[in-house]
Amino acid sequence: MTISHLSQPQLLVALNELSSHLDGQVLSNEPGKQPIDPHCWNALLKGPSGKSFIPPVPLAYVQCANRTDALMTVQFAIEHGIRIQGKGCGHHYGGACLADGGIVIDMSRMKQITVDPKTRTAIVQPGVTTEEVRKATIPHGLHFPGGHISSVGISGFILGGGNGWGVKHCGSAADNVVEFEVVVPATAGKEEECKLQRVNQSTDPELFWGLKGAGMFMGIVTEFVIQLHATPQRLPCITAVYPLSMAQKVGSFFQKVYMEAPLEIEPSLVYTGREGAPKPGANGMEYNDPAVVLSLVSFLPPEDPRVQACFDAVRHFEPHARSLPLLDSVPTYDEALSSLDVFWSWSGLSLYSYGSFVPQERLDGDFMQVLHKQAEASTSPYSMILIAAGNPRVQKPCRHPSEGQVDGQETSQSAEGVGKCLYSKESEESLAAYNYRGCVYVCPYALWSRTAGGAEVDGDEHHIAWVRNTSSAMKPWVTGCYLNEIMLDQPGQVELCYDHDDLVRIRQLKARVDPQGLLRPVH
Ligand SMILES: Cc1cc2nc3c(=O)[nH]c(=O)nc-3n(C[C@H](O)[C@H](O)[C@H](O)COP(=O)(O)OP(=O)(O)OC[C@H]3O[C@@H](n4cnc5c(N)ncnc54)[C@H](O)[C@@H]3O)c2cc1C
C-alpha cells in the first residue's frame, strides 16, 4: 500500500480543503468516532465477522457529483500518495471498493443514461444499476447483458467482467463495451498528465483490454459506452424443482441441455441443502425443502422451434419426480429478468462466496456428486450452489450481429452455425482481460442474516467455513475464479482470476498506468 507523507490528521485537513473545490462532498472517518456506513450491499461489510472476515475501513469517501470531482480526487491522491478505489453501487460482496485507509471515489450519484437506438449503444455513468439500464433500453427493444439481480451496479460489474443475463449469446458485459472515459493515475507514464481520456480499441488497445475485466486495478472510470442487442419483448422461462436426492440425475440432464441448447437459451441449476427458508427459482417460484432446481430462460421468441424442442425436453424429464408443479410461462422481458430479485434482498443479508469457472466439458458425474454432498452440508437454509452460464468462446473473423447487413445479407442474431461461438472482430486474447471462456460459472453462496446478536450467534465462522470447504472440494475441476464474486480476503485470490499470461500482461499495464500503486495491487 502507498504510504502518504502526511499524518492522518494532516490528511483530514487536506481532504477538507479538497472538499471546498468539489461539487460533491467528502465524508471522513475521524479517529474515535463511529465508522461511516460504507453503504455496501453485504451486511458482512458493516463490521468484523469473528476472525474470518475483517472488512477494510477507508479514511474517507468522496461523493462525486460529476467527472471533474473524480478527476480532482485522483489528482489529490497522486499528490498525497494515498490509496484510492472507485465505487459504483457497492455491490462487490467483499467490499472491493473500500480502499483500506484510503479514499473511496464514490460515483453512485452519477446516474445518467442515454440510449442511441440507431447505433444500438448507450452512454452510462458509473452510478447506474442493472435495472436502470434495463428500464432505459426496454422502450427500444434492446438488451444489455446486465446482472441477474436488478440492483447490481453496472460499473463494477463491467470492470470485473460481468457474467449476466444473455452472456451465452451476447458475451460478457466487458465484451460489450465500446469505449470508456477514464482517469488513470499516470497517463502515458507521466503522472503530471493525469487527465480524463477516452479509451477504446483505437486510442489505447492495451488499456481498453485491461479495463474489461481488470478495471479495478487500473483507474477511475467516469463513463461507459456500451453495446446493446435486440431482444424479444417476452422471454419463455421454465423451472423444474426436484428433491436434492435427484441431484446427480438432474445434473447430467442439465449438462446435456447446456451443451445442446442454442446460445440464446440460458440454463441454470441451483442446489440447496437445508430446509426452512424460501429459495430462489426463476420466475419468482418459492420452495423450502432441499432441492435441485433447473431453470431455462430463452432470448429466442416462444414460437421458435428450438425453444419448443428445449422446453419439451425439460417438460418430459422425470415429470413424476418433481417436488413442485412445473413453472412454464412467457413473462415480459422485464418480469423475467427481475424474477430473482426478491430472493436477494432482506435486511441483514450477509453473503460469503467463491465464484469459479469450470470448463463445460468437465461438468461430469463426479463433480455433480461433490456439489450434491456439499449442498447437503450447507449451514444456512438460504445458502446454495449455483451453476450458471459462462462467457462463450469467440470465433474470428466474423462480424458482430449488431453490424446488421453484411455483403447484402442480413446477419443472424443466432449464433447457431458458427460453432456456438460469440461473433467478434477481435481474437479471444485481444477482446478482454475477463477471459475464462467456454466455462460454466459455479459458485457456492453462503447466505444468512446478521443480527444484533453478533457474529457468534449468527454463525458467521460456520457459514464462511462451508464456502471455503466447498471451494476446496471443487478445486480439481476449477480452472479459475471470478473477480466480481470472490471475497478478495485471502492471499492469492486475484491470481486465481486470470491465467498466467493475462496476469503478466495486467501487471505490465498496471505498472504503466498506476506506477505509484494507488489502486488495489494485482495480488
Ligand atoms: C445481489 C448481487 C447479485 C449479483 N449478481 C451478479 C451476476 O449476475 N453476475 C455477475 O457477474 N456479478 C454479479 N454480482 C457481482 C457484481 O458483478 C459485483 O458486485 C460488481 O462489482 C458490482 O458493481 P458495483 O458497481 O456495485 O461495484 P462496487 O462494489 O462499487 O465496486 C466493485 C469493484 O469495482 C471497482 N469499481 C466500481 N466502479 C468503478 C469505477 N467507476 N471506476 C473504477 N473502479 C470501479 C471498485 O473499486 C471495486 O474494486 C452480484 C452482486 C450482488 C450483490
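The values are calculated or read from the model by the stated rules, or taken from the named source; none is laboratory data. Treat the numbers as computed from the prediction; the structure is a model and nothing was measured. Every residue, glycine as well, gets a Cβ built from its backbone with ideal geometry; the counts of neighbours run over all protein chains shown. Areas reflect the complete protein model, heavy atoms only, side chains present, ligands, DNA and RNA absent. Shrake-Rupley method; radii C 1.70, N 1.55, O 1.52, S 1.80 Å.
Taking the criterion of being modelled with pLDDT under 90 and within 16 Å of the ligand (Cβ to nearest atom), the only residue of segment 423-449 that qualifies is Asn435. Taking each residue of segment 79-108 that is closer than 22 Å to Phe224 by Cα and looking for partners that are of a type in the set (S, T, N, Q) and near the ligand (Cβ under 6 Å from one of its atoms) with beta-carbon atoms closer than 6 Å, six or more apart or interchain, yields Gly88/Ser155; Cys97/Gln85; Val104/Gln85. Where helices (runs of 4 or more DSSP H) fall wholly inside segment 105-188, the ranges with 2 or more residues that are near the ligand (Cβ under 8 Å from one of its atoms) are 154-159.
Which residue, of Gly94, Gly90, is within 11 Å of the ligand (Cβ to nearest atom), touching a Cys at 6+ places or on another chain (Cβ under 9 Å) and open to solvent by less than 30 Å² (accessible area, probe 1.4 Å)?
Working: Gly94 fails: touching a Cys at 6+ places or on another chain (Cβ under 9 Å).
Step by step, each of Gly94, Gly90 is checked, and only Gly90 is within 11 Å of the ligand (Cβ to nearest atom), touching a Cys at 6+ places or on another chain (Cβ under 9 Å) and open to solvent by less than 30 Å² (accessible area, probe 1.4 Å).
Could you tell me which residue of segment 318-366 is nearest to the ligand (Cβ to nearest atom), considering only residues that are farther than 21 Å from Ala247 by Cα and of a type in the set (Val, Ile, Thr)? Out of the qualifying residues, it is Val342.
Just to be sure before I move on: is Gln508 at pLDDT 95 or above, away from the ligand (no atom under 15 Å from the Cβ) and over 27 Å from Lys373 (Cα atoms) in the structure I sent? Yes: the conditions hold for Gln508. Within segment 212-221, the residues that satisfy the criterion of being open to solvent by less than 10 Å² (accessible area, probe 1.4 Å), over 13 Å from Arg512 (Cβ atoms) and not small (Gly, Ala, Ser) are Lys212, Ile220, Val221.
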